[in-house]
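Reviewing the structure listed below.
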Amino acid sequence: MSSKILKFTLNGEPVEIAVSPEDMLVDVLRDKLELTGTKKGCGKGECGACTIIMDGEAVNSCLVPAMKAMSASVETIEGIGGPGKFHPVQETFMDLGAIQCGFCTPGMIMSSKALLDKTTSPTSQEIKKALAGNICRCTGYVKIEEAVMAAAEKMREKQ
Amino acid sequence: MLQDYLFPETISEAVSFLKSNEGQARIIAGGTDLLLDIPEGKIKTSCLVDITRIPELSKITLEDGVISIGAAVTHNQAANSELIQEKAAALAQAASCVGSYQIRNSATVIGNVCNAQPAADTAVALVALGAVAEIANPGGTEYVPVEKMYAGVGKSTIDSASQLVTRVSFPAAQKKQGTAFVRLHQRKALALPMLNVAAMVALEGGKFLWARIAMAPVGPGPVRALSAEEILKGAEVTPEVIEKAAQSALEQANPRSSALRGSKEYRTSVLPVLVRRALEQAVANAGSSCK
Amino acid sequence: MKEYNVVGHSVRRLDAVEKATGTAGFTSDMKLPGMLYAKVLRSPYAHARILSIDTSEAEKLPGVKAVATHKNTPRELFNTSATMTFTVPPMVPVLDQYIFDNVVRYVGDEVAAVAAVTEKIAEAALKLIKVEYELLPAVFDPLEAMTPEAPVIHESHKKNIPGGEVIQIPYGDAEKGFAESDLIIEKTFKVPVQKQAQMETQAAVAQVGLDGKITVWSTTQTPHPTKMILAKIFSVPESKIRVLNPPYIGGGFGVRIGLSAKAEPIAVALSMLAKKPVKIVYTRKEDFIASDTRHAGYVTVKLGAKKDGAFHAMYLKAILNGGAYCSFSCETPGVLGCMGMAVYRIPNQFYYGHSVYTNTTPSGAMRGFGNPQAMYPIESVVDMMAEQLGMDPLELRLKNIMQVGDPWPLPYKCSSTGLAECIAKGARSIGWEKRGKLNKPGAKKLRGIGMGVGTHCSNAWPWCGDYDNAYITVQQDGSIHLATGVPDMGTGTSTSLPQIAAEVMGVGLDKVSITFADSASTPFTIGSHASRTLYAAGTAVVEAARDARKQVLEYAGEFLKVAPERLELKDSVIYVTGQAVGNDCSGSGVCQTGESERKSISLKELAYNAHLRNKQFIGVGRIVPDNAPPWHAHFAEVEVDTELGQIRVIKVAAVHDVGKAVNPMIVEGQIEGGVLMGIGYALSEEIKYDEKGKQLHDSFHKYMLATADDTPEIDVMIVESNDPTGPFGAKGVGETGLVPTAAAIANAVYDATGIRFTEIPLTEERVFRALAENRK
Ligand code: FES
Ligand code: FES
């Protein structure tokens, strides 16, 4: 199998890694780079668990050939915040009960972040549209939508 | 087995990559359909030629009243474009219905057309808009109406191993012209349509100058409701006329029964409702309301 | 109402940080040194005999380390559900499955499995396995499967009834009751196959040590029973098997009570053959077609009432589609009947129900466990009865609902109910008074309001054995460690159980940590299901904490030279209450002279003091739980697009008597998720089969569960009736969110259209047809 050198920026750091043209980005992230925060719920673009942000846009990493990330900037759940410096969306997801089993959570948070990167005053409708590709079987989406709204408010306050 | 992945910088480079690989290479844009087909063995290719980094293909332009959409333009770019929203509302609506937000960030409008699914939402809209595709062949450029790009169910006339659709173009809606797209689906995202209909109307003095209606899945690709268009031509804009046209749409429609998305009977029964709603919206968008 | 320090507070979940940062451990994320990847070859046929199977080519493929078939794996019958470990005699568990058999009984049934160094190689090896099948006749509908001509699916189970088990529950005299009734309504309903569709597919990683010890990380909801099942299959002592979650599971909803489909035994079998750790993660399609579903079937309700509206007799019958293997097919009809009979005071009742084998994906446990199948029909018939009686359906329910202490068919008491309050609150939220006044004549979009009520259990007894254990150790610095075997599938029990422990121990939640869902480091529990975790495991935690607290206070009593009864433990400090007067102590009957000067000591100091004197406080909770009924009333408003047949739910108000909400935010989340699943059950979720028995809905794309954009307003309210049997008054809540949802929606659709649907889901086509039929 022919392998290629893929160079891209991952969570702000340059990465160089050998991949096969057949590899999907989700597998490169999870298996080769051991960033298992990005989940795989279907592998077919039907659940959003694998959502990452590539060049500012939320995409399903299970439908992105790894090679498409060439020279791109990729953000995953591991890169957006953690203890001491949580992203507002992470904070509101934790505080408002938007997390249950947590399997959809990384993808859900990435979709939310991508939305809030574009607008910090989303309507309920915009949130629903932006998250409609992220299946969550636990929450009924109620607290997730509330959390995104609350995160938007936090971000507006900071601006 | 996939061996190579290339990023041409120009259209001609893309076409020559295809040529030098003698049918073993294939165009990839968003890849959201292609990458499901390759592992399943439905498509065999050894090299993918990624056209999304060819600068001129990423543009949405308006020139001399004609809107063009490049092959790398994604559904979200089309749906969020003010130009498209204003001058081709049907396409903006159709593009915003496909898959999910993430899919629409990857999947391209032209990819949707080339994949030739019978009810491809943007293809339905583009047919109603009278769109023409520009195709780069090894031998030169060719123009084909989107309506003629279907060679059968799931079969495009485009051979992505040797050809590249570079853009689709259609006239921007002018004053007193309106377009609309309606879709019947089982949920609002991650669902193929049970039926979808797009319409474009041109009005003049309370009458339809002309109308173009596309509907799916009622044939291999988007199907023109020619009888309805005929009825509307020159007719008064009234609910009765619209209803009559909507009913006649069935004359060209041949929906199949789908175990997942509705029986032939159901689709047949509700198609006129959708055609009527599309026409009503298109008329409203044309700035006139239907009395 | 009593105010607590930790209980009753919506604290942030203890697993929130890990889950919000992507660092939480799930089985599907695991990687061990030398680990192999497994893939399963599945039957393309609904019913066939395997005449021959040739794996030689697959074995030759470089990278393949083991191929397992019925020829080289244990021939030990089992049941994938935990029922095989806690069915109480005289009942016997139905054991009808091997890891691999030489007969396949549904499309997706396991034929063989490969372990290889990569998933791709394993996948490629499957294609090299040659199988020769002899097709057998197949049957897919339970009623057809009961006919004499139907093919027999399991030789030892005649008439295709698993275990021959027909459940009959007589209560009062139904026949006489109907004779005495003024009004009788009877209707049969058809309910669909619903899928749990939890986000993490079935998965397991097995490691077989050279010493014969087996460790299995998996997605199971029941590590201890799963250990027992594996011990039986592989003939290994239970003490040598450790089953655990790593520690999180991406949802459950009943789909892995027992084994995670067959992920665990396949991984273990391959690991034994390959002598390497083996990981198996089901694809989404496998999860859809080869992992238990909710039971579909036919449910008949016959209700008799007196003129004044008093219910007098009910006959309930359920014939459920059990699918190809038993799983929970004996228990589900039992719970369906019991729950259906427990909502209203009906003096004369009879229930008859059982499952039937067919050549479809096995049906097992799914959130609600038969109860939604009971309540959609029953609540529909109650509404019909109200109409016939000319009564408001809300009033009719209020008149008949069960009250505390009322006799009922269940072997435990109706110990609490806040249902009347639930109904009142829900009615206010939805605007019940608008009912019947929502539509203008000639409108093409019709609105309607409907309601449904129900109950459920708070653990698995009396349908099977149920007991629980927990232990609490006070660490040498006074912090608390809690060990309980119950998994947290997302339901929040790894937060709410520590909340309970903290409350009883008198420490802050930050002082408590929990080990859970591990058969080796926690005592036995039957696991997380039956809405029991907080109620039953919580009772064990209370016991363990009381025990530890007692030891702490006794020791502190010696230390402070005061009777333990006079000590209080709060905020991690033990202090003396009451004053010593002479030889008499006020506030307690016990007294001790020679009190030390100190009036308090921190738990930290005390624990270390004890440690230096060779003592640790270890609290043990060993309980057999009672059971208690949670109650709920759901109200739905819908809009029906009569031209297309499409139903839009505008709002659901869901009011739940949960006894006591230990963590209200978590409780609300449980209900909200349940409601949306219930909306799916009512409107769109269904797995259908083609005529050859192939599942038509086998992906998220085809299976119509709701997305964020399809979610209506869901107004959840909590009522607290403080049940006397539950920990801090709590009752079950995990399953209740979807019990009466379909009923409320179907009743709202009737209110809008005047059409009584006896089959769900209410797809656009089904509704359209009925509307067209109605116009004729
Ligand atoms: S795993 Fe990528 S969308 Fe489901
Ligand atoms: S929290 Fe479990 S799927 Fe969303």
Using a simple spin-label model with points 7 Å from Cα along the Cα→Cβ vector, what separation in nm is obtained for B:Asn80 and C:Lys444? 3.4
With x for Gly and Pro, the residue-by-residue ³J(HN,Hα) of region A:16-27, computed from phi through the Karplus equation 6.51 cos²θ - 1.76 cosθ + 1.60 at θ = phi - 60° and given in whole Hz, is 10, 8, 7, 10, 9, x, 7, 5, 9, 4, 4, 6
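With +1 assigned to the C-beta of every Lys and Arg and -1 to the C-beta of every Asp and Glu, and no other charges, what is the dipole magnitude of the protein assembly as shown about the Cα centre in debye, to the nearest 20?
Dipole size: approximately 640 debye.
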Quick query: amide H of C:Leu41 versus all other amide H atoms, modeled in the peptide plane; which residues come in under 5 Å with a sequence gap of 5 or more or a different chain? C:Val111, C:Ala112, C:Ala113, C:Val114
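Note the full-extension length gain between C:Asp690 and C:Val620 as 0.36 nm times their separation in residues minus their Cα-Cα distance, in nm to one decimal.
Gain in length upon complete extension: 19.8 nm.
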At 7 Å along Cα-to-Cβ for each site, give me the label-to-label distance between C:Val166 and C:Ala520 in nm. 4.9
Please list 3J(HN,Hα) in residue order for region A:124-135, calculated via the Karplus relation 6.51 cos²θ - 1.76 cosθ + 1.60 where θ = phi - 60°; whole Hz, with x for glycine and proline. 4, 4, 5, 5, 4, 5, 5, 9, 5, x, 10, 6
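Work out the length of the dipole vector of region C:399-503 about its Cα centre, built from +1 on the beta-carbon of each Lys and Arg and -1 on the beta-carbon of each Asp and Glu, and round it to the nearest 20 debye.
On the way: 11 positive and 8 negative charges, 307 e Å.
Dipole of region C:399-503, to the nearest 20 debye: 1480 debye.
Between B:Ser12 and A:Lys7, take the C-beta separation as r, use R0 = 45 Å, and let me know the FRET efficiency to the nearest 0.05.
Details: r = 26 Å, r/R0 = 0.58.
Efficiency at R0 = 45 Å is approximately 0.95.
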Once you have the Cα-Cα distance between C:Val92 and C:Lys306, take 0.36 nm times their residue separation minus that, and quote the gain in nm to one decimal. 72.9 nm
In order through region B:272-285: 3J(HN,Hα) via Karplus (6.51 cos²θ - 1.76 cosθ + 1.60), integer Hz, x for Gly, Pro: x, 4, 5, 4, 4, 5, 5, 5, 4, 5, 4, 5, 4, 5
Hey, if you put +1 on the Cβ of every Lys and Arg and -1 on every Asp and Glu Cβ in chain B, which of B:Ser248, B:Leu18, B:Ala92 ends up farthest toward the positive end of that dipole? B:Ser248
Can you grab the distance from the C-alpha centre of region A:17-53 to the C-alpha centre of region C:197-267, Å, no decimals? 26
FRET efficiency estimate (nearest 0.05) - Cβ-Cβ, C:Lys187 to A:Gln159, R0 41 angstrom: 0.10
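From the square roots a ≥ b ≥ c of the eigenvalues of the alpha-carbon gyration tensor of region C:27-165, which class results: rounded (a/c under 1.5), prolate (a/b over b/c), or oblate? Don't skip to the answer; put the middle values down first.
On the way: a/c = 2.68, a/b = 1.57, b/c = 1.71.
It is oblate, given that a/c is not under 1.5 and a/b is not larger than b/c.
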List the residues, sorted by chain then number, that are 5 or more residues from C:Asp173 or on another chain and whose placed amide H is less than 5 Å from its amide H. C:Gln349
For helix A:105-118, report the angle its Cα long axis makes with the longest principal axis of the Cα atoms of chain A; keep it between 0 and 90° and round to the nearest 10°. 80
Where a ≥ b ≥ c are root eigenvalues of the Cα gyration tensor, a/c under 1.5 meaning rounded, otherwise prolate if a/b exceeds b/c and oblate otherwise, chain C counts as oblate
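How much net charge surrounds B:Asp159 when only the other residues with a Cβ under 14 Å from the Cβ of B:Asp159 are counted, with Lys and Arg +1 and Asp and Glu -1?
Working: positive: B:Lys19, B:Arg26, B:Lys44, B:Lys155; negative: B:Glu22, B:Glu142.
Surrounding charge for B:Asp159 is +2.
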About its Cα centre, what dipole magnitude does region A:4-79 give when the only charges are +1 on Lys and Arg Cβ and -1 on Asp and Glu Cβ, stated in debye to the nearest 20? 160
Gap separating the Cα centres of region C:738-767 and region B:223-275, nearest whole Å: 29
Region C:21-84 versus region C:525-563: alpha-carbon centroid distance in Å: 42
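If you keep only loop residues by DSSP, which trypsin sites (Lys or Arg not before Pro) in region B:103-186 have at most 13 other Cβ atoms within 10 Å of their Cβ?
Details: sites: B:Arg104, B:Lys148, B:Lys155, B:Arg167, B:Lys175, B:Lys176, B:Arg183; in loops: B:Lys175, B:Lys176.
Taking region B:103-186 and a limit of 13 other Cβ atoms within 10 Å, the loop trypsin sites (Lys or Arg not before Pro) found are B:Lys175.
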Placing +1 on the Cβ of each Lys and Arg and -1 on the Cβ of each Asp and Glu in chain C, which of C:Ile214, C:Asn774, C:Val675 has its Cα farthest towards the positive end of the resulting dipole? C:Ile214
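At a Förster radius of 60 Å, what calculated FRET efficiency corresponds to the Cβ-Cβ distance of B:Glu236 and B:Ser46, to the nearest 0.05?
Numbers: r = 59 Å, r/R0 = 0.98.
Computed FRET efficiency for B:Glu236 and B:Ser46: 0.50.
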From the Cα gyration tensor of region C:1-96, with a ≥ b ≥ c the square roots of its eigenvalues, which class applies: rounded if a/c is under 1.5, or else prolate if a/b is larger than b/c, or else oblate? oblate
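How high is the relative contact order of chain C, given as a whole-number percent (alpha carbon pairs under 8 Å, six or more residues apart)? Please list the in-between numbers first.
Working: 2048 pairs, mean separation 120.0, N = 776.
Dividing the mean separation by the residue count of chain C yields 15 percent.
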Given C:Leu482, C:Gly734, B:Leu164, which one lies farthest toward the positive end of the charge dipole of the protein assembly as shown, if we put +1 on the Cβ of every Lys and Arg and -1 on the Cβ of every Asp and Glu? B:Leu164
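Do any GluC sites (Glu not before Pro) in region C:133-178 lie in a DSSP loop with no more than 16 other beta carbon atoms within 10 Å, and if so, which?
Details: sites: C:Glu134, C:Glu144, C:Glu149, C:Glu155, C:Glu165, C:Glu175; in loops: C:Glu149, C:Glu155, C:Glu165.
Sites meeting the loop and neighbour criteria: C:Glu149, C:Glu155.
A short reminder: the numbers here are calculations on the coordinates, not readings from a lab. Everything numeric in this text was worked out from a predicted model, so none of it was measured. Cβ sites come from the backbone with ideal geometry, for glycine too, and all protein chains shown count toward neighbours.
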